[in-house]
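The values are calculated or read from the model by the stated rules, or taken from the named source; none is laboratory data. On a predicted model such as this, the values are computed, not experimentally measured, just so you know. Glycine gets a Cβ as well: all are built from the backbone with ideal geometry, and neighbour counts include every protein chain shown. Heads up: the accessible areas ignore ligands, DNA and RNA and are worked out on the full protein's heavy atoms, side chains in. Shrake-Rupley method; radii C 1.70, N 1.55, O 1.52, S 1.80 Å.
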Amino acid sequence: MNELNVVIDSAKASFARAATPADLENAKALFLGKSGSITELMKGLAALPVDQKKSRGAAINLAKQAIEAALNQRRQALADVELQAQLQAEALDVTLPGRQRGQGGLHPVSLTLERIEAIFASMGFAVAQGPEIETDWFNFTALNTPEDHPARSMHDTFYVEGGSADAPHLLRTHTSPMQIRYAVQHVKQQRAASGAGPVGEALFAGTMPEIRVIAPGRTYRVDSDATHSPMFHQCEGLWVGENISFKDLKFVFTDFCRTFFESDDLVLRFRPSFFPFTEPSAEIDIQFQSGPLAGRWLEVAGSGQVHPNVIRNMGLEPEKYIGFAFGMGPDRLTMLRYGVNDLRLFFDGDIRFLSQFQ
Ligand code: DAH
């Protein structure tokens with residue numbers, strides 16, 4: 001092999017060994033630098049006789065070009081490697097699913113509450129909210145359930161700090177205290193408007209707009225199984241005026257149930273019962289005439305004509321004012337409407353269950 005080929009091969013080998021662009025520039029200096037092999041060979045030309053100079057010079061030039069070509073090739077290869085590494089490091093997987101904003105929705109019981117409110121609003125009922133921490137007075141005593149009344153034992157509840165021995169605070173066991181709260185407020189306004197004097201003087205027997213209100217909300221009892229949860233919902237209804245009777249209750253509640261369940265194929269039964277705050281009292285049962293629940297009586301509410309003692313505690317004269325009240329279970333209505341058989345599913349917070357209602 002001639003001497004120039006040896007230099008070319010050695011240049012190619014040392015370029016191949018260069019792992020980085022900096023290594024490669026050092027290797028280049030060995031051959032093409034000021035005292036590199038090719039440069040030295042060029043210097044040697046000066047000593048040659050004229051007739052050999054030309055061909056020798058041309059051969060060295062060819063060798064130089066071959067080395068430069070190898071150098072550029074290697075430069076390109078190293079740049080490619082670097083680019084690949086960078087691309088890999090900064091790689092974006094464009095096939096990954098994008099980040100989505102979760103779509104929220106209302107809880108099935110909230111959907112029911114909205115439905116109840118809309119239906120009663122269409123019948124002229126106001127919607128009132130009240131405190132979940134109640135006093136013994138509003139939850140029991142004002143509702144004709146004094147301290148030693150046996151009906152209290154059906155309402156075992158959670159007592160909370162903040163009250164006093166004779167006026168304890170508790171988590172309300174039903175929405176019925178809102179009957180008193182709302183009516184007292186209403187009567188106070190009427191007294192002020194008609195100049196009847198402050199509350200507490202005498203029961204109000206003047207003329208006033210009727211009280212027509214529903215009060216939905218959370219309620220609490222020491223109770224837990226497939227159809228009872230320690231926290232549950234109720235919706236109270238109250239209509240008090242000068243001439244409101246059981247027939248109005250029947251009409252209103254029948255209309256409500258048929259609208260709620262979107263079915264005229266539904267009958268109601270008012271089954272005699274007892275509540276301290278109503279007299280007479282009735283449980284309201286409904287029966288579907290068709291569909292999966294057909295033929296069974298299903299209890300949906302307690303109701304009755306407001307007891308005169310309760311009318312008094314509202315600040316109203318029972319000789320003049322009379323009305324009806326009811327308390328229904330929106331959780332139960334939700335179960336019936338959607339065919340759910342375990343109440344606890346509503347409060348477990350399992351998104352797989354809840355998302356089915358959207
Ligand atoms: N508060 C009763 C309960 O929780 C339900 C009830 C019954 C409410 C009769 C009423 C009513 O307003 O008139 O068991």
Can you list residue pairs whose Cβ atoms sit under 9 Å apart, with the first residue in the stretch 180-200 being at pLDDT 80 or above and the second being assigned to a helix (DSSP H, G or I) and open to solvent by 70 Å² or more (accessible area, probe 1.4 Å)? Count only pairs 6 or more apart in sequence or on different chains. ILE180/TRP137
State all residues of the stretch 225-262 that are assigned to a strand (DSSP E or B) and either more than 12 Å from the ligand (Cβ to nearest atom) or open to solvent by 10 Å² or more (accessible area, probe 1.4 Å) (or both); if no residue qualifies, say none. ASP225, HIS228, MET231, PHE232, HIS233, GLN234, TRP239, GLY241
Test set (1) more than 31 Å from the chain's Cα centre (by Cα); (2) touching a residue at least 60 places away in the same chain (Cβ under 8 Å); (3) more than 23 Å from ILE119 (Cβ to Cβ) - VAL306 fails condition number: (3)
Among the candidates ARG337, ARG269, ARG332, which residue alone is open to solvent by 40 Å² or more (accessible area, probe 1.4 Å) and over 30 Å from the mean Cα position of the chain (by Cα)? ARG269
Just checking, does the stretch 314-335 include any residue being assigned to a helix (DSSP H, G or I), more than 16 Å from the ligand (Cβ to nearest atom) and not β-branched (Val, Ile, Thr)? yes
Scope the stretch 121-169; condition surrounded by 20 or more Cβ atoms within 10 Å (Cβ to Cβ) and in a strand (DSSP E or B); matching residues: GLU134
Given (1) modelled with pLDDT of 90 or more; (2) not in a helix (DSSP H, G or I), number of the condition LEU48 does not satisfy: (1)
For the stretch 202-224, enumerate the residues that are part of a loop (DSSP other than H, G, I, E, B) and over 33 Å from the mean Cα position of the chain (by Cα). ALA202, LEU203, ALA205, GLY206, THR207, MET208, PRO209, GLU210
Pairs, first more than 21 Å from PHE326 (Cα to Cα) and free of Cβ contacts under 8 Å to residues at least 40 places away in the same chain in the stretch 143-159, second of a type in the set (A, V, I, L, M, F, W, C) and away from the ligand (no atom under 13 Å from the Cβ), C-beta under 6 Å, six or more apart: TYR159/LEU170
Residue that is nearest to PRO216 (Cα to Cα) [pool: residues in the stretch 168-181 that are within 12 Å of the ligand (Cβ to nearest atom) and touching a strand residue (DSSP E or B) at 6+ places or on another chain (Cβ under 7 Å)]: THR175
